[in-house]
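Notes to accompany the following structure.
All of the numbers you see were taken from the coordinates with simple rules; none came from a lab. Values in this document were obtained by computation on a predicted structure and should not be read as measured data. Using ideal geometry, Cβ is built from the backbone for each residue, glycine included, and neighbour counts are taken over all protein chains shown.
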Amino acid sequence: MTRVMLIDDHFLFLDGLELVLKRTRRYQVVRKVNDPLQAIDLMGEERVDMALVDIQMPGINGIDLLKRIQSRFPLTKVVMISMHEEDEFIHEARMAGGSGFLLKSMDSDKLVEALDSIVKGARIFPPRKTRKVGSTETFSERELEILRLLAKGKNSYEISETLFITLHTVKTHRRNMLRKLNASNTSQLLKIGFDNNLI
């Protein structure tokens, strides 16, 4: 059973979310915390497998709390859950190491389905609204392999060695990816890839 801490400054939402999770019999809510500044100390008292964290709370925002949790409890999966779906919140949560970003407006069954996927190791983030560029169909399987290796810091030579392909082939794929996403350099390519769940 996955042990969950709920962190939100609205009591009604905490109670409702607890009921949704209890019905699954796969999640145990070990703490409901309405003061985010207490959350870190409470996490030190018992094992927490997953924390569901609101974005905007008094005292500290959810992204800063996410960073603190990741620093002290790196094995705890942190999922942002918010009524705000602005691109900058989603991007910040992803870059800070969050495991997901879910909307409070979601159907409860869809929310639980997303949490089940996160428990199994998936990262769940909505695509950016302002610059949505297709899906994994945009790239071939080989291009996706290269993109993910670039995200791990590999250079073209290292990628060619890892995938057993020529350096020329790697460079050709990189040029094609830049063209497909209209990116001017590798940094921009990786940012668009992250923003659109390609990595």
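Observations on the structure shown:
- Normalised contact order of the chain, rounded percent, pairs of Cα under 8 Å and 6 or more residues apart: 14
- Against the chain, whose longest principal axis is taken from its Cα atoms, helix 108-119 shows a tilt of about 60°.
- Charge dipole (Cα centre; +1 on Lys/Arg Cβ, -1 on Asp/Glu Cβ; no other charges) of region 2-119 amounts to roughly 560 debye.
- Taking the chain as a Gaussian network of alpha-carbon nodes connected by springs under 10 Å, the highest mean-square fluctuation of the residues E18, E161, E85 belongs to E161.
- The spacing between region 1-60 and region 142-178, judged by their C-alpha centroids, is 41 Å.
- Sum of side-chain charges, F11 neighbourhood, beta-carbon under 15 Å (Lys, Arg +1; Asp, Glu -1): -3
- Cα gyration tensor, region 136-195 - rounded (a/c under 1.5), prolate or oblate: prolate
- 13 Å beta-carbon shell around M1, net charge (K/R +1, D/E -1): +3
- Each Lys and Arg contributes +1 and each Asp and Glu -1, all at the Cβ; summed about the Cα centre of the chain, the dipole is approximately 780 debye.
- Residue-averaged [θ]222 nm for the chain, counting only DSSP H segments that reach four residues, each worth -39500 (n - 2.57): -14500 deg cm²/dmol
- Each Lys or Arg adds one and each Asp or Glu takes one away; over the other residues whose Cβ falls under 10 Å from the Cβ of D49, this sums to +3.
- Relative to the dominant Cα principal axis of the chain, helix 186-195 is inclined by about 40°.
- Summary value for region 2-119: 23 percent relative contact order, contacts being C-alpha pairs under 8 angstrom separated by 6+ residues.
- Highest GNM mean-square fluctuation among K32, K171, K120, for the chain modelled with Cα contacts below 10 Å: K120.
- Given charges at Cβ of Lys, Arg, Asp, Glu: the chain dipole, positive-most of I81, G193, Q56: G193
- Relative intensity of region 2-119 on a log10 scale, I(q)/I(0) at q = 0.11 Å⁻¹, equals -0.30, per a Debye sum over C-alpha point scatterers of equal strength in the absence of solvent.
- Label of the coordinate-derived value, Cα extents along the principal axes in Å, listed as [x] 70, 37, 28; [y] 57, 32, 31; [z] 58, 32, 22: [y]
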